[in-house]
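Data block below; observations after.
The values are calculated or read from the model by the stated rules, or taken from the named source; none is laboratory data. What you are looking at is a predicted structure, and each value in this text was computed from that prediction instead of being measured. Here the Cβ positions follow ideal geometry from the backbone for every residue, glycine too, while neighbour counts run over all protein chains shown.
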Amino acid sequence: MIEIVSCVVAVCDTCRSYFDEDGEGVQHFATVAGARAHLAEDGPEPKGDGLDYLRDTTTPGWQQLADGRLRCWRCETNRLCTEHGHDWTPWQACWCQGRCTIQLRSCQRCGNRQDRYDPATTTEGGERA
């Protein structure tokens, strides 16, 4: 038998990705209201300390904008980092156990990564000592 089944899926209005909360595939909903209610429950609990606009992006929560558009957590974290700057971890030595002089850091919000030569092993002109 072939049966036509209609459902609702949530799509990011920025990157067009589908809502997939558990990595098992696109989530399907019976109604638009059901999808919006589920997305509203997906975000972290607000703490009311004035930093909730930043904290909302540290867990995979989608944003429902006032005009009804949706923004996935990746696009929301990218937007916040663009507007407010990255939330960098401290520079750390490479995991190669000292075989190179590279240091690494990453943004705790969006996951962007950077590397550099350890300033202690670099000359004034930027060359490795």
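How many residues are assigned to a helix (DSSP H, G or I) and either farther than 26 Å from residue 20 by Cβ or modelled with pLDDT under 85 (or both) if we restrict to the range 72-129?
Residues in the range 72-129 being assigned to a helix (DSSP H, G or I) and either farther than 26 Å from residue 20 by Cβ or modelled with pLDDT under 85 (or both): 4 in total.
A quick yes/no check of all residues on (1) surrounded by 13 or more Cβ atoms within 10 Å (Cβ to Cβ); (2) in contact (Cβ under 8 Å) with a residue 24 or more places away in the chain:
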residue: 77; (1), (2): yes, yes
residue: 82; (1), (2): no, no
residue: 88; (1), (2): yes, yes
residue: 92; (1), (2): no, no
residue: 95; (1), (2): no, no
residue: 100; (1), (2): yes, no
residue: 106; (1), (2): yes, no
residue: 109; (1), (2): yes, yes
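Report yes if some residue within the range 43-56 is in contact with a His (Cβ under 9 Å, 6 or more places away or on another chain) and either modelled with pLDDT of 90 or more or more than 22 Å from residue 12 (Cα to Cα) (or both); otherwise report no.
No, the range 43-56 contains no residue that is in contact with a His (Cβ under 9 Å, 6 or more places away or on another chain) and either modelled with pLDDT of 90 or more or more than 22 Å from residue 12 (Cα to Cα) (or both).
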